[in-house]
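What follows draws every value from the coordinates through simple rules; no lab data is involved. Just so it is clear, the structure is predicted and the values come from calculations on it, not from any experiment. Glycine gets a Cβ as well: all are built from the backbone with ideal geometry, and neighbour counts include every protein chain shown.
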Amino acid sequence: MIINYKNKEQEVLVKTNLKKLLDKIPNLRSVIETLNKNNIKYGLYAGAHVAVLTSNRESTDVDLLVADEDFDKLKELFPNSVIKGGKSNISDGIFLYPGGEEKIEFMANANMIEDGKKYPNRLTEAVWNKVVRYEVDGLTFLMLDPVDTVVMKAILQRGKGQGKHDIEDIEAIVNVIDLDKEYLKARLKEVEADKRVFRVLKKFNLI
């Protein structure tokens, strides 16, 4: 799949940003190589995803969404990982940190939680079919479609008080990318979006 950039210069910068991310997190390359070699369904999303796509800031950690059915295999591939599960104030699910370091986080079987409501946050077949592949220094790096990070941030709506920039990140993406609105509709249905999510997206003329 491809991303429809409004500015071709920004599209060129994506590979540069991915390379910076690989340089900043030394074990990320080997982790990605292992995922690719073993046909794990995964994709970069959340804050690092925005940073790579828009150059709005640099990220020091990486969030990777993995298909629920691949999580057991993931545990076998990274036997020295720290695995956490349970519910926080914004999500529940299973989290895996290769080597025990929290610079790289895998998430599966997860829901986002806001105002007591759960929104499914899974790497579904629809999500997998929209994954974007980039070649960086001989490495294939998989990212989710920008729509997936926009939807996540429209649900959570976290601000500076929580050390996050969800609305600003949506704006950064919308400023440089023409989002696939048909896919957005499909994803909103999958995550069981409601009025509070629609209100945010309407501000950016996405629905």
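The residues packed around I25, meaning those with a beta-carbon under 15 Å from its beta-carbon, carry a net charge of -4 if Lys and Arg are +1 and Asp and Glu are -1.
Pulled fully out, how much extra length does the chain show between L139 and D178, if you take 0.36 nm times their separation in residues and subtract their Cα-Cα distance?
Numbers: separation 39, 0.36 × 39 = 14.04 nm, distance 2.62 nm.
Here the answer is 11.4 nm.
P120: net charge of surrounding residues, Cβ under 9 Å, Lys/Arg +1, Asp/Glu -1, itself excluded? Residues near P120 contribute 0 overall. Considering only beta bridges that DSSP places wholly inside the chain, some 85 percent are antiparallel. Spin-label pair W128-N205: with each label point 7 Å from Cα along the Cα-Cβ axis, the two points sit 3.6 nm from one another. An ellipsoid equivalent to the chain, defined through the eigenvalues of its Cα gyration tensor, has semi-axes of 24, 21, 16 Å when rounded to whole angstrom and sorted largest first. Helices in the chain, meaning DSSP H runs of at least 4 residues, each add -39500 (n - 2.57). Divided by all residues, the mean residue ellipticity at 222 nm is -12500 deg cm²/dmol.
Please give the FRET efficiency for N39 paired with E192, using the beta carbon to beta carbon distance and R0 = 22 Å, rounded to the nearest 0.05. The calculated FRET efficiency here is 0.15.
Label positions at T16 and D92, each projected 7 Å from the Cα along the C-beta direction, are separated by 4.4 nm.
Restricting to Cα pairs below 8 Å that are 6+ residues apart, what does the relative contact order work out to for the chain? Please round to a whole percent. RCO, the chain: 22 percent.
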